[in-house]
Amino acid sequence: MSLQRAMLPDTARERTNVAVRYRPATSALHVCGDWYDFRELGPGWLAVAVGDVVGHGLTAAGIMGQLRSALSTAMHATGQPARALKALAHYAVTIEGALATTAVQTVIDETTHTITYSRAGHPPPLLLDADMQAVQVLDQAADPPLGALEPEVARTQSTLSYRPGSTLVLYTDGLIERRDQDIDTGLARLIQNLTRHGHLGPEPLADALLTDIPRHKDGPDDDIALVVVQL
């Protein structure tokens, strides 16, 4: 696990309103293709992303490291999630094994209280409102995985407002997908768990969301990356 953590950023751990988790599926190497990224683009302007490279082991981890760095660089250069994911799609064409990758990129503007996001085949982020009763599924901007569109095709993005005290959750599909269940069932379970534990701070909330996952008898079904941001 130390290898995987060395490839992921520590920036998020410096903020008390952010919690990050990485949990590998059972394997000897404990490395995989899931990643998270958290960067401050400027005062009150935060870029948060998660992504998922198909496969496990050192090959997937190597692809993950390249794509995570490329997406982070593209966000710094463009400031726009859709443009950053379009640039990443161009880059993914040059990397063997990268074209089925999914990712979601968000930008949080703490001054205007807005979230702008774009998705490339990835499960939608969730926004728990400040009243801890309603959960909004961020599914308005949804495009195919990186290799499923021509790199030149523009990707979509959407912007929504949030109330201070809300909570944003980004995750990879290992948090909601099970071999014997429809993925919509897993998403509904996550929404229910987020509502039930929404009163918790970011760190205990991240732990609770992972604890509530039904375990397969042979261990986790898939790798999981999770980011919880209290807005």
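The values are calculated or read from the model by the stated rules, or taken from the named source; none is laboratory data. What you are looking at is a predicted structure, and each value in this text was computed from that prediction instead of being measured. Cβ atoms come from the backbone with ideal geometry, glycine included; neighbour counts cover every protein chain shown. For the accessible areas, the whole protein counts, side chains as well, though only heavy atoms, and no ligand, DNA or RNA atoms are used. Shrake-Rupley method; radii C 1.70, N 1.55, O 1.52, S 1.80 Å.
The single condition among (1) in a loop (DSSP other than H, G, I, E, B); (2) out of contact with any helix residue (DSSP H, G or I) (no Cβ under 8 Å at 6 or more places or on another chain); (3) farther than 27 Å from Asn193 by Cα that Ala82 does not satisfy is (1). The residue that is modelled with the highest pLDDT, among those in segment 7-38 that are under 15 Å from Leu168 (Cα atoms) and surrounded by fewer than 17 Cβ atoms within 10 Å (Cβ to Cβ), is Asn17. Considering only residues that are open to solvent by less than 20 Å² (accessible area, probe 1.4 Å), among the hydroxyl-bearing types (Ser, Thr, Tyr) and not in a strand (DSSP E or B), which ones fall in segment 87-107? Correct list: Thr101 only.
Scanning segment 49-68 for residues that are under 15 Å from Gly147 (Cβ atoms) and open to solvent by 10 Å² or more (accessible area, probe 1.4 Å) gives Asp52, Val54, Gly55, Ile63, Gln66. Of the residues examined, Leu46 is one that is open to solvent by less than 10 Å² (accessible area, probe 1.4 Å) and farther than 17 Å from Ala142 by Cβ.
Segment 108-214 holds strands (runs of 3 or more DSSP E) entirely within its bounds, and those carrying 3 or more residues that are at pLDDT 95 or above and surrounded by 18 or more Cβ atoms within 10 Å (Cβ to Cβ) map to 114-120, 126-128, 167-171.
Scanning segment 47-98 for residues that are touching a Gly at 6+ places or on another chain (Cβ under 8 Å) and of a type in the set (A, V, I, L, M, F, W, C) gives Val53, Val54, Ala60, Ala61, Ile63, Met64, Leu67, Leu71, Ala89, Ala92, Val93, Ala98.
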